[in-house]
Amino acid sequence: MKKSKISKIIIALWSLFALAIISFSLFIYSISINLNGWYGELPGLKSLENPKSDLSSVLYFADNKEMGKYYRYNRSQVTFDELSPNVVNALIATEDIRFTEHSGIDLYGLGRVFFKSILMFDKSSGGGSTITQQLAKILFRTRSDLSNGSLNDVPVLGLVIAKMKEWIVAVKLERSYTKKEIIAMYLNTFEFGSNAFGIKTASKTFFNTTPDQLKIAEAAVLVGLCKNPNLFSPVYEPENAFERRNVVLNQMRKYGYIDDVAYDSISSKPIELDYDVENHNDGLATYFRGVILWDLLAWTRANGYDLYEDGLRIYTTIDSRMQKYAEEAVEEHMKFQQEIFDEHWEGKAPWRDESGRVIKDFIENQARRTKAYKYWEKKLGDDEEEIFKKLNEPKKMKVFSWDGEKDTVLSTMDSIRYFKKFLHAGFMAMNPNNGHIKAWVGGINYKYFKYDHVKQGRRQPGSTFKPLVYAAAIDNGYSPCYQVEDVPVTFEVPGDPPTWTPVNSNGKYTGETWTLREAMAQSLNSGTAYVMKKIGPQTVVDYAKRLGVESPLAAVPSLCLGTSDVSIYELIGAYSTFVNEGFYTMPFYIDRIEDKNGKVLKQFVPKTGEALSAETAYVMLHMLKGTTELPIGTAIGLDRELRTDNEIGAKTGTTQNYSDGWFVGVTKDLAAGAWVGGDDRSIHFRNIALGQGARMAMPIWEKFMKKVYADEELAVSKGPFKKPSNLSIEIDCEQYDMQQNNVTDSTEQIQKLDVDAIQ
């Protein structure tokens, strides 16, 4: 009787156990198939084999250095072999010591959690989630609304369902991936805080290193963040981070990854950070990154990619070394130029009209365009007096200065006055032989002045447009030795007055005779006007278009003096045609785009076409050299070291009222140009001594080229331009004069013979 009772109890217990096993299995199965939509979807086989992880798209310089990233979440991937053993050991010791032994679920760990944490209320026993389970939760968001079913809202049950789903996905992950792959995937997907998604970005953000170079102490800090990135942030919670790091170190000691000596040495030291959060305001080529973004967005949308998620690799033509030299050149010169400008105005308002008077309400009109004005306009309505009272209230702010960012107290109105006094600059350099842009500086500081002055900005080019006029003339039969007089040239124009007569920059005419080369070298307006009158404005417009100028150009006489706005991008492209034997190559900056695995998706090639004959192109180089070689040349002051054993063609440019200073220079390997001016055209120097292109812009080109030539690793050297094998256009003016005299003598002789024959 007693034995029968015991047997019944045993049978009942086994039956209950079997029922529990069967029920649990059915419960797991029902979750796996999302029975009646109660539990929410689980990832399918395809998703498991190709888990979606938002990856940053990375920009690269031409020399394969990283330029920047585009991302929603700043994440880059690494393989297991690119991980330091220190970080792998720290992770396993802290998060999942039996990682290599289980198949996604650690039953021993679950038992420990059940007995210690639940039955004995021991919170120090840790959690039961394996690294694989944590990866499942991160990758497939098993606890998010997107994966919820109708039962997930039931208290307690919802949490149990989520846990079961993590178990299921973890087991599937273990079947699909090796242990090494799971470790790499986990570290690649974890968010470490400070906008650092993945171990590669975290290593760079917190320690300015790479995952394979992480030291034990650094690895311990990063693994410590896996428990709670906010609570254990070494930046915002340094004491918590210190304690958590030492917990990780202790785990590594406990399981034999480090010895007592290493633990004692490392755990006693403070955390040493080299912290820098990536953003688009820092690093090289900030303006370029802003410009190329729109090209990349257009391409990715048209081709079915997401720039911010697909981990594309974009290789540009920009050289990191040349970019660095260009930015240094702009900074060095503009810092000095700003000092000159400030001294020139002696604290007075530099925004002046053509009569030299301060422009009334200039700052007020600028203020009306600001976000602050629009904000208060919404709050206060049309009461402009009250709006300006608000805009005149001082507040703490950071401002740009050439001595570094400064904390100060200014009102919105004062800040406008402060920032409007800065001179701005743009610079671009390209290889004229293949169209590759090598350096791009769109302004003086991207954080404070976002406007790009290379491609986005357009200003009057002044005399730097004149070579395009002369190119049209040379291509239509004129010789660089053709002579013009320095006298007034008058055009009939519609309107009142009915005529227009350009004057030289000094307001005088000498009456002397100059060759076209000499006229261009000293930038005589009368010489360019003479040529314009001969060939016509429309011819000049047509040639400018052939040379790559896409900005609207008015076919009027004043175009010869550069009165229509163009960009640095367009102008450098046009000048490059002269070096490239008459072939225009559109400046371009994207070499290729690859997917995250390195497969080439698009190889870009520049648009190119013949714009001038090779002879005309070479003659234009000869004429441009006059600016740097002839004593009357406006760029004769160019650094002697640069000119020695070198051929340099150049042109300076200065616009009306000295609002814009330009300089474009070409060598056999590079075409580059700089623009300097105020944000507003009314902000400028008051005399040509300070406001000419040779003073405002040429030093940037000089500094850049000297740095480039000094770098022997760059394939840029001094030397002559390539000369056509058969040059039919005479560039030796003595020979040209003799030929012209012979033609004249022959003509007179023929005329005399004709007269004698008639008689």
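The values are calculated or read from the model by the stated rules, or taken from the named source; none is laboratory data. As the structure is a computational prediction, the values presented were derived from the model and not from experiment. Cβ placement follows ideal geometry from the backbone for every residue including glycine, while neighbour counts extend to all protein chains displayed.
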Seminar exercise, completed: Of the listed residues (Lys360, Lys390), the one being assigned to a helix (DSSP H, G or I) and either assigned by TED's automatic domain parsing to the domain that holds Ile568 or out of contact with any strand residue (DSSP E or B) (no Cβ under 8 Å at 6 or more places or on another chain) (or both) is Lys390
For this session: Could you grab me the full set of residues in region 253-267 that are under 42 Å from the mean Cα position of the chain (by Cα) and either in contact (Cβ under 8 Å) with a residue 24 or more places away in the chain or outside any helix (DSSP H, G or I) (or both)?
Result: Ile266
Exercise. Going by the conditions given, is Val676 hydrophobic (A, V, I, L, M, F, W, C) and assigned to a strand (DSSP E or B)?
Worked result: yes
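Okay, residues lined up against (1) at pLDDT 95 or above; (2) part of a loop (DSSP other than H, G, I, E, B); (3) of a type in the set (Asp, Glu); (4) not assigned by TED's automatic domain parsing to the domain that holds Ala650:
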| site | (1), (2), (3), (4) |
| --- | --- |
| Lys706 | yes, no, no, no |
| Val716 | yes, yes, no, no |
| Pro720 | yes, yes, no, no |
| Lys723 | no, yes, no, no |
| Gln739 | no, no, no, yes |
| Asp745 | no, no, yes, yes |
| Gln749 | no, no, no, yes |
| Asp756 | no, no, yes, yes |
Exercise. In region 234-252, what residues are without any contact (Cβ under 8 Å) to a residue 60 or more places away in the chain, out of contact with any Phe, Trp or Tyr (no Cβ under 9 Å at 6 or more places or on another chain) and among the aliphatic types (A, V, I, L, M)?
Worked result: none
For this session: May I ask you to say which residue of Ser129, Ser194 is at pLDDT 80 or above, part of a loop (DSSP other than H, G, I, E, B) and over 41 Å from the mean Cα position of the chain (by Cα)?
Result: Ser129
For this session: Return yes when Phe99 is of a type outside the set (S, T, N, Q), touching a helix residue (DSSP H, G or I) at 6+ places or on another chain (Cβ under 6 Å), crowded, with 18+ Cβ neighbours inside 10 Å and at pLDDT below 95 and no when it is not.
Result: yes
Problem set entry | Positions within region 162-191 being in a loop (DSSP other than H, G, I, E, B) and surrounded by fewer than 18 Cβ atoms within 10 Å (Cβ to Cβ), in sequence order | Thr178
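Could you tell me how many of the residues in region 342-357 are out of contact with any strand residue (DSSP E or B) (no Cβ under 9 Å at 6 or more places or on another chain) and either assigned by TED's automatic domain parsing to the domain that holds Ser659 or in a loop (DSSP other than H, G, I, E, B) (or both)?
7
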For this session: Run down Lys607, Lys596, Lys534 and say which single residue is closer than 24 Å to Leu293 by Cβ and touching a residue at least 40 places away in the same chain (Cβ under 8 Å).
Result: Lys596
Problem set entry | Residue list for region 417-437, restricted to those being over 21 Å from the mean Cα position of the chain (by Cα), within 22 Å of Asp660 (Cβ to Cβ) and surrounded by 20 or more Cβ atoms within 10 Å (Cβ to Cβ) | Phe422, Leu423
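To keep it simple, each residue is scored yes or no on (1) of a type in the set (Ser, Thr, Tyr); (2) part of a loop (DSSP other than H, G, I, E, B); (3) buried (at least 20 other Cβ atoms within 10 Å of the Cβ); (4) in the same structural domain as Asp669 (by TED's automatic domain parsing).
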{"position": "Ala519", "(1), (2), (3), (4)": "no, no, yes, yes"}
{"position": "Gly527", "(1), (2), (3), (4)": "no, no, yes, yes"}
{"position": "Lys533", "(1), (2), (3), (4)": "no, no, no, yes"}
{"position": "Thr539", "(1), (2), (3), (4)": "yes, no, no, yes"}
{"position": "Gly548", "(1), (2), (3), (4)": "no, yes, yes, yes"}
{"position": "Ala555", "(1), (2), (3), (4)": "no, yes, no, yes"}
{"position": "Cys560", "(1), (2), (3), (4)": "no, no, yes, yes"}
{"position": "Tyr575", "(1), (2), (3), (4)": "yes, no, yes, yes"}
Seminar exercise, completed: The number of residues in region 48-81 that are loosely packed, with under 15 Cβ neighbours inside 10 Å, in contact with a helix residue (DSSP H, G or I) (Cβ under 9 Å, 6 or more places away or on another chain) and at pLDDT below 90 is 2
